[in-house]
Amino acid sequence: MTGFASIQSIPAATPIRAVGLSKFYGTQQALSNVGLRIEPGEIVGLVGRNGAGKSTLIRALLGLIEVEAGMSWVLGEAALTMGDDVKARLAYVSQTPTALEWMSVKQMMHFVARLYPRLDRDYVNEELRRAQIPIDRKLSALSPGERQQVELVRALATRPELLVLDEPASALDPAARRDLLRDIVGRAGEGGTTVLFSTHIVSDLERVASRILFLHQGRLILDTPVDDLKECVAQVVVPSHALSESSMVGELHRRILADGAISLVLRRSPAEDWPDFARRAGIRTLGIEDLFVEIAR
Ligand SMILES: Nc1ncnc2c1ncn2[C@@H]1O[C@H](COP(=O)(O)OP(=O)(O)OP(=O)(O)O)[C@@H](O)[C@H]1O
């Protein structure tokens, strides 16, 4: 009984944790000192412009690439030396899946079933039938959308504790995308699966993510619950003489407008008020898409 009680009180391992991740490709810095922590059951959306470093971050978090600085842990284990037991609790779908291309869909699923005893074959059969995937066709002969669906079915069928998806919906049609999002929400809600996914599709984020990570030029400039975004991130436009050149506390982004004024994107904590100068200038709240566009300019 004592043993049972103590097992119950052990906290679940943090699905993802990272400190100080920095990555260079040659002289180009793709990640700059990124730290984060994702808790069990969260659905976290990772956004940022093309080339912002999203895929690099995902690969670094999972220990699929080496980094110049920092470290990450997956389900409590150092990512670079993750054991098979942890790998079996994790499912990852890359942006452009290329593995096992010479196999048919059916052969690939049989192969995966041998590696993952937890693979839910009924789910595989049902989902492949529902998506009308030609299961005798080679993976290399599928359309990009079909290929992406097969990978997602494979990943979801292993009933992972942690699901990491890099641009999972990029090749999917609206119906397939809706099914995927429904599945993700269902898994997180009922099954307690933790989900990290990158996307450019802002409406997908708004529909399913509980938290948003905004990556810009390799830096994690925003990490916030989606519900706090409207309250805590805003744009103000101020005359250039009103600001010093150095960036201020809570400043996420600044740019000079055609008339010389400065557009600032600011962040505050829910407990704080906006600074006086910002309230005087006028606060414009930003949705995810507005924020994306403002920072992308
Ligand atoms: N293998 C590589 N060699 C050199 N540079 C790379 C490599 N992989 C990525 N990069 C560069 O690192 C930066 C980040 O790339 P990454 O693929 O992580 O961005 P991303 O945010 O996923 O982009 P996208 O939204 O277009 O998929 C880019 O400037 C990219 O050109």
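The values are calculated or read from the model by the stated rules, or taken from the named source; none is laboratory data. Predicted, not measured: the structure shown is a model, and the values here were computed from it. FYI the Cβ positions are ideal-geometry reconstructions off the backbone, even for glycines, and counts take in every protein chain you see. Heavy atoms of the whole protein, side chains included, go into the accessibility calculation; ligands, DNA and RNA do not. Shrake-Rupley method; radii C 1.70, N 1.55, O 1.52, S 1.80 Å.
Residues whose amide H lies under 5 Å from that of L252, counting only those 5 or more places away or on a different chain, are V265, L266, R267; hydrogens are built 1.01 Å from N in the peptide plane. Quick one: if the Förster radius is 30 Å, what FRET efficiency do H110 and L80 give, using the C-beta to C-beta distance and rounding to 0.05? It comes out at approximately 0.50. Legend: residues W73, W274, sorted from most to least accessible area (1.4 Å probe; ligands, DNA and RNA excluded), read W73, W274.
Taking the DSSP bridge list for the stretch 73-196 and keeping only pairs wholly inside it, about 30 percent are antiparallel.
For R211, the residues whose amide H sits under 5 Å from its own are I43, G45, V226, ignoring neighbours fewer than 5 places away on the same chain, with H placed 1.01 Å from N.
Between D120 and T158, R159, the built amide H atoms are under 5 Å apart, and every one of these is 5 or more places off in sequence or on another chain.
Relative to the Cα centre, what is the charge dipole magnitude of the stretch 200-297, using +1 at the beta carbon of each Lys and Arg, -1 at the beta carbon of each Asp and Glu, and rounding to the nearest 20 debye?
Magnitude of the dipole: close to 160 debye.
Under a 1.4 Å probe, what is the accessible area of the stretch 9-217 per residue, stated in Å²?
46 Å²
Summed over qualifying helices (DSSP H, 4 residues or more, each -39500 (n - 2.57)) and divided by its residue number, the chain shows a 222 nm mean residue ellipticity of -10000 deg cm²/dmol. The antiparallel fraction among DSSP beta bridges confined to the chain stands at about 65%.
In the chain, the longest principal axis of the Cα atoms and the axis of helix 121-130 are about 70 degrees apart. Karplus-derived 3J(HN,Hα) values for the stretch 93-105, using 6.51 cos²θ - 1.76 cosθ + 1.60 with θ = phi - 60°, are 10, 7, 5, 10, x, 10, 6, 6, 4, 7, 8, 6, 4 Hz; glycine and proline are entered as x.
Please give the peptides 239-251, 214-226, 15-27, 120-132 ranked by average Cβ packing (other Cβ atoms within 10 Å per residue), highest first, as a rough proxy for protection.
Taking the mean over residues of other Cβ atoms within 10 Å, the ranking is 214-226, 15-27, 120-132, 239-251.
For the chain, the Cβ-based charge dipole about the Cα centre amounts to some 420 debye (Lys, Arg positive; Asp, Glu negative; other atoms uncharged). In whole percent, how big is the carbon plus sulfur part of the accessible area of the stretch 230-296, probe 1.4 Å, protein atoms only? Whole-percent figure for carbon plus sulfur exposure: 52.
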